[in-house]
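The values are calculated or read from the model by the stated rules, or taken from the named source; none is laboratory data. Not measured: the values here are computed from a predicted model. Here the Cβ is made from the backbone with ideal geometry for all residues, glycine too, and neighbour counts use every protein chain on show.
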Amino acid sequence: MKFITDSVSRCARLGTLSELEKFPEAIFETPLLLVYTREYPTMLTIQDPSKKTPRGYQKHITTAIWTKHGHHAITPDIYMNLVEAFKPDIYVALCDGDSNEETSEKKITKIVERSKRQFEKCFERHKSSDILKNTCMLGAVEGGYDLTAREQSARFLREKNLEGYVIDGLHVNGPEVQNISFGKIKEVVHHTLDLLPPEKLKVSMGCWSPNVLLELIDSGVDIFDSSYPYVMTETAKAITFTCDSHNHGNNYNPGLVISISDKSYVEDFSPICDRCQCLTCKNHTRAYLNHLYNTKELLFSVLLMMHNTHTYLEFFKTIREHIRKGTFQQFKKQFIDKFS
């Protein structure tokens, strides 16, 4: 994998991912939203960003991986066996990301040390693997909200000459991440990014709100997962911050999302968004989606996820265009002022 960026400063920047083994001719622009589909680069993460990770199950050199049947203690060797079986384009080395703003200093020290040991074993396996020779390995910078611990983690990873890094350990995943303000994580994020090689890929996982996402992009983060549109779908919410007032009057202000389950949409025969070009908005109404929700039809989630994913992908296109034009700062300010 090859990553090239137009800026090595800590700011909103454009870049490209290319020379991926599965997509040798494809070029993906960053800031990039990774989507759960075979048409995008595959990135293997340890936990599901859309589900809250149960805490306190990390032991020795293992990390707890959660499934429908409980947790499994994964060692670096087991994890690398899985990586070689999946053969992703990008993967995160095994780490202990079980931290947030409430995590104690004592536990942070254990997290950083455990993650170092796990990384060393994964890194040795990665270097000796013929299967993974064209796969990008990312190191996760841990340390919770402890700046000194972050320095130790980042310094350790910088010596490995990696393709990129994950800013990890800020939360324990799940829908609640959307409620974290940028003010709460700003110092930690900026401090961490300042510690890393500016030309390398930066990744942030989690269901960040669009406001925080814009701030993270402005800080120099390049790649995000698509857990936000998924979480919105799972809670019956349609993303509407790109909607206009064409069919709803001049004072229409949709907010970031609307709840399709609300009774007010029972007889609303307009699409979710007036000028959205997704299949859902072109063919179906809010009333129909409300009906599907109330009758518990599986089609409801399918149609809503199509809209939410399409809207978020278009949001990223808009972000890249504003960065390209040099108008990103104005765009970010207007967006945050409107949806604060």
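Yes or no: C243 assigned to a loop (DSSP other than H, G, I, E, B) and either touching a Cys at 6+ places or on another chain (Cβ under 8 Å) or of a type in the set (V, I, T) (or both)?
Considered against the rule, which asks whether it is assigned to a loop (DSSP other than H, G, I, E, B) and either touching a Cys at 6+ places or on another chain (Cβ under 8 Å) or of a type in the set (V, I, T) (or both), C243 comes out as yes.
Can you name the residue in the range 18-37 that is in a loop (DSSP other than H, G, I, E, B) and aromatic (F, W, Y) and is also farthest from F315 (Cα to Cα) among such residues?
Checked the range 18-37; the qualifying residue farthest from F315 (Cα to Cα) is F23.
Taking the range 56-96 only, how many residues are under 22 Å from I108 (Cα atoms), within 20 Å of the chain's Cα centre (by Cα) and not β-branched (V, I, T)?
Qualifying residue count, the range 56-96: 5.
Do you know which of the residues in the range 234-243 that are at pLDDT 95 or above and buried (at least 22 other Cβ atoms within 10 Å of the Cβ) is farthest from T5 (Cα to Cα)?
Only one residue fits best here, namely A238.
Quick one: would you say Y40 is surrounded by 14 or more Cβ atoms within 10 Å (Cβ to Cβ), part of a loop (DSSP other than H, G, I, E, B), of a type in the set (F, W, Y) and under 20 Å from the mean Cα position of the chain (by Cα)?
Details: surrounded by 14 or more Cβ atoms within 10 Å (Cβ to Cβ): yes; part of a loop (DSSP other than H, G, I, E, B): yes; of a type in the set (F, W, Y): yes; under 20 Å from the mean Cα position of the chain (by Cα): yes.
Considered against the rule, which asks whether it is surrounded by 14 or more Cβ atoms within 10 Å (Cβ to Cβ), part of a loop (DSSP other than H, G, I, E, B), of a type in the set (F, W, Y) and under 20 Å from the mean Cα position of the chain (by Cα), Y40 comes out as yes.
Working only within the range 7-59, note down all residues that are modelled with pLDDT under 90 and touching a strand residue (DSSP E or B) at 6+ places or on another chain (Cβ under 7 Å).
Hits for the range 7-59 are Y40, Y57, Q58, K59.
Just to check your reading of the model, which residue among K338, K333 is surrounded by fewer than 17 Cβ atoms within 10 Å (Cβ to Cβ), part of a helix (DSSP H, G or I), basic (K, R) and at pLDDT 95 or above?
Exactly one residue qualifies, and that residue is K333.
Looking only at the range 265-313, filter to residues that are in a helix (DSSP H, G or I) and touching a His at 6+ places or on another chain (Cβ under 7 Å); which one of those is nearest to S227 (Cα to Cα)?
L303
Across the range 99-125, what is the total count of residues that are surrounded by fewer than 17 Cβ atoms within 10 Å (Cβ to Cβ) and small (G, A, S)?
Here the count works out to 1.
Considering S226, S209, S219, which residue is touching a residue at least 12 places away in the same chain (Cβ under 8 Å), under 19 Å from F315 (Cα atoms), touching a strand residue (DSSP E or B) at 6+ places or on another chain (Cβ under 6 Å) and polar (S, T, N, Q)? Full working, then the answer.
Numbers: S209 fails: touching a strand residue (DSSP E or B) at 6+ places or on another chain (Cβ under 6 Å); S219 fails: touching a strand residue (DSSP E or B) at 6+ places or on another chain (Cβ under 6 Å).
Residue meeting the stated conditions: S226.
Of the residues that sit in the range 310-325 and are of a type outside the set (A, V, I, L, M, F, W, C), surrounded by 14 or more Cβ atoms within 10 Å (Cβ to Cβ) and over 12 Å from L32 (Cα atoms), which one is farthest from the chain's Cα centre (by Cα)?
Among them, the one singled out is H322.
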